[in-house]
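Undergrad: Sharing a structure here in structure tokens format.
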Amino acid sequence: MAIIRWNPIQELRDLHREIDYIFARTFGPEEFMPSSKAGMWFPAVDMYRKGENLVVKVNVPGVKPDDLDISISENILTIKGERHYERINEENVYMQEICSGGFERSITLPDVKADKAKASFTNGLLELTMPLEEAKAPQKVKVQVKEIKAA
């Protein structure tokens, strides 16, 4: 018997997939799971600070760079795209987890210099790098206290 290392994250992913499957069978995939037939899916995103920059990585395997639309407005990063993948004839499918179709992710960013953002795309990984705005020092407000005279 082989010893297999326990991966709790994978267990949670499997549980999530099973729950989605139960709901899809109960209510129908079009009602509950837009990713199954309607063609919506949601790529994984990592966002972190690296020095004075903010780095956002988006996992979009199978998406061509020309099929991506990236915008930043009022510190909201929006990434839209589409993955084209050939659907397999349903009667021949044993398992099909690769989603195709369009996606859209909107992420609230900290204060960044959006006009200086740079994007690169390598092996299905979109990487955006943008300088963070300098932290503004908090302003002190002096409170004026008026004495109220009793009548």
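Where a number appears in this text, it was derived from the coordinates with a stated rule and is not lab data. Bear in mind that the values here come from a model prediction, so they are computed numbers and not experimental data. Virtual Cβ from ideal backbone geometry, glycine too; neighbours counted across all protein chains shown.
Undergrad: Among the residues of the stretch 41-54, what is the count of those that are free of Cβ contacts under 8 Å to residues at least 60 places away in the same chain and surrounded by 12 or more Cβ atoms within 10 Å (Cβ to Cβ)?
TA: Of the residues in that region, 0 qualify.
To keep it simple, each residue is scored yes or no on (1) within 17 Å of the chain's Cα centre (by Cα); (2) closer than 24 Å to His16 by Cβ; (3) touching a residue at least 12 places away in the same chain (Cβ under 8 Å).
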residue	(1), (2), (3)
Val56	yes, yes, yes
Val93	no, yes, no
Arg105	yes, yes, yes
Gln144	no, no, no
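Undergrad: Could you tell me how many of the residues in the stretch 58-71 are under 25 Å from Glu133 (Cα atoms), touching a residue at least 24 places away in the same chain (Cβ under 8 Å) and either buried (at least 18 other Cβ atoms within 10 Å of the Cβ) or small (Gly, Ala, Ser) (or both)?
TA: 1
Undergrad: On to the next question. Could you go through the stretch 123-139 and let me know if any residue there is more than 27 Å from Gly51 (Cα to Cα), touching a helix residue (DSSP H, G or I) at 6+ places or on another chain (Cβ under 8 Å) and surrounded by 10 or more Cβ atoms within 10 Å (Cβ to Cβ).
TA: No, every residue in the stretch 123-139 fails to be more than 27 Å from Gly51 (Cα to Cα), touching a helix residue (DSSP H, G or I) at 6+ places or on another chain (Cβ under 8 Å) and surrounded by 10 or more Cβ atoms within 10 Å (Cβ to Cβ).
Undergrad: Inside the stretch 74-100, can you point out the residues that are assigned to a strand (DSSP E or B) and either loosely packed, with under 12 Cβ neighbours inside 10 Å or touching a strand residue (DSSP E or B) at 6+ places or on another chain (Cβ under 6 Å) (or both)?
TA: Ile76, Leu77, Thr78, Ile79, Lys80, Gly81, Glu82
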